[in-house]
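As structure tokens, the structure follows; a few thoughts come after it.
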Amino acid sequence: MRSERLTPKLFVGALAIVLLFSRPPMGASQNSESPQQGIRVQVNLVNLFVTVRDKKTRQIVPNLEQSDFKIAEDGADQKISFFSHESTLPITLGLLIDTSGSEQNTLGAEQEAAVRFLSRVLRKGDLTMVVSFDTDSNLLADLTDDQGRLDRAINRTRINAPYAQGPLAQTIPGTVFYDAVYAACHDKLAGEAGRKALVILTDAQDEGSTLRLQDAIEAAERTDTVVHILLVADPRFGGGNEAVARKLTDETGGRTIVVRSEKNLEAAFDQISEELRSQYTLGYYSSNTARDGSYRKIKVDTARKDLDALTRKGYYAPQN
């Protein structure tokens, strides 16, 4: 498959056509009756994908019921209208791999671990794409369920340029991390329904994007995309930007896992695999019916004080 440059402006001109023939996006304007009945469009249904962990052991808690949850939007309690804990619900996944010079000593291990990860996590009905990013972002495999195509795309990733320090570093374009996240969400995942996630291998250093971190976060929030980051940072090249990584994952309901060795990389992928298959799906009709495009804060709690509920921190209301 020919690689395709993926930029924040890609597909914008054809977006309306793409959406006409895609599954309807699931988010602040969707309604799910059941996994079997499919998805119907509604105005105010807000969908949340929630992971619950024990505060002490950090183990995932899989056996909660709808009555164990409560949701507040901008401080106002909301009535839960939809609840599911189906581990087999399809997922649309984006695997983003940082191929900038600072990853040159770890890319081989990342490729091997990523191939094994997809072989374990993907199930019938799932779709995955592979994107590499450095001085620009490239779509190496479009959304597909073909494991062989995905494996070949992962193994085609190459470091764009050796890492440079000192005066020379100023002449080499940086890493478009924010642009890559924005493009993956806005241009590729916006037209997909159901559960959506990005798994990103990166040191979270951005030195060349035209967009800001907040733009990337907003694109993920508007498309109901959960972002997970495996922070792979070589201290010889300045280390990783953990604060940026955690900001992006915390706001979207995902996790940042700091990877310090190849063994940790395998364990990190295992954790993400477990998380992707252990989410609760909650839906509620917002009591705020204004179609004003405003950002609304969400808080999900459980009846048990010993548990943490992890989900996105807010969403953007529909707008006329």
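Run through the DSSP bridge list for segment 164-320 and note the antiparallel percent, rounded to the nearest 5. Working shown, then result.
Working: 4 of 15 bridges.
Taking every DSSP beta bridge with both residues in segment 164-320, the antiparallel ones total about 25 percent.
Provide the per-residue ³J(HN,Hα) series for segment 94-99, in order, calculated from phi with Karplus coefficients 6.51, -1.76, 1.60 and θ = phi - 60°, each as a whole number of Hz, with x at glycine and proline positions.
x, 9, 10, 10, 6, 10
Report ³J(HN,Hα) in whole Hz for each residue of segment 132-143, in order, from the Karplus equation J = 6.51 cos²θ - 1.76 cosθ + 1.60 where θ = phi - 60°; Gly and Pro get x.
10, 9, 8, 6, 8, 10, 10, 7, 8, 8, 6, 3
Positive end of the dipole of segment 202-320, charges at C-beta (+1 Lys, Arg; -1 Asp, Glu), about the Cα centre: which of T311, A268, A219 has its Cα farthest in that direction?
Farthest towards the positive pole: T311.
What distance in nm separates the simple spin-label points at D142 and K299, each placed 7 Å from Cα in the Cβ direction?
Placing both labels 7 Å beyond Cα along the Cβ direction yields 4.4 nm.
Once you charge only the Cβ atoms, +1 for Lys and Arg and -1 for Asp and Glu, what is the size of the charge dipole of segment 191-278 about its Cα centre, to the nearest 20 debye? The partial results should precede the final answer.
Numbers: 11 positive and 17 negative charges, 21 e Å.
My answer is approximately 100 debye.
Where does each of K297, K188 land when they are ordered by accessible area, with a 1.4 Å probe and the largest first?
K297, K188
Across segment 203-214, in residue order, what do the Karplus-derived ³J(HN,Hα) couplings come to in whole Hz, using 6.51 cos²θ - 1.76 cosθ + 1.60 with θ = phi - 60° and x for Gly and Pro?
Result, rounded to whole Hz: 9, 6, 8, 10, 9, x, 5, 7, 9, 9, 4, 5.
Multiply the residue separation of T57 and D77 by 0.36 nm, subtract the distance between their alpha-carbon atoms, and state the gained length in nm to one decimal.
That pair, T57 and D77, stretches by 4.3 nm at full extension.
Calculate how large, on average over all directions, the projected area of the Cα convex hull of segment 223-310 is; give the answer in nm² to one decimal. Working shown, then result.
Working: hull surface 33.1 nm².
With the hull built on Cα positions only, its mean projection is 8.3 nm².
Long-range amide H contacts for T256: which residues qualify at under 5 Å (H placed 1.01 Å from N, peptide plane, sequence gap of 5 or more or a different chain)?
I229
Whole Å is fine, so just give me how far the alpha carbon centre of segment 105-131 lies from that of segment 210-282.
15
So what's the net charge close to R277: Lys and Arg +1, Asp and Glu -1, counting the other residues with Cβ under 13 Å from its Cβ?
-2
Y182 accessible area, nearest 10 Å², 1.4 Å probe?
50
The values are calculated or read from the model by the stated rules, or taken from the named source; none is laboratory data. As the structure is a computational prediction, the values presented were derived from the model and not from experiment. Neighbour counts are summed over all protein chains in view; Cβ atoms, including those assigned to glycine, are modelled from backbone coordinates with ideal geometry. In case anyone asks, the SASA skips ligands and DNA or RNA and just uses the protein heavy atoms, side chains included. Shrake-Rupley method; radii C 1.70, N 1.55, O 1.52, S 1.80 Å.
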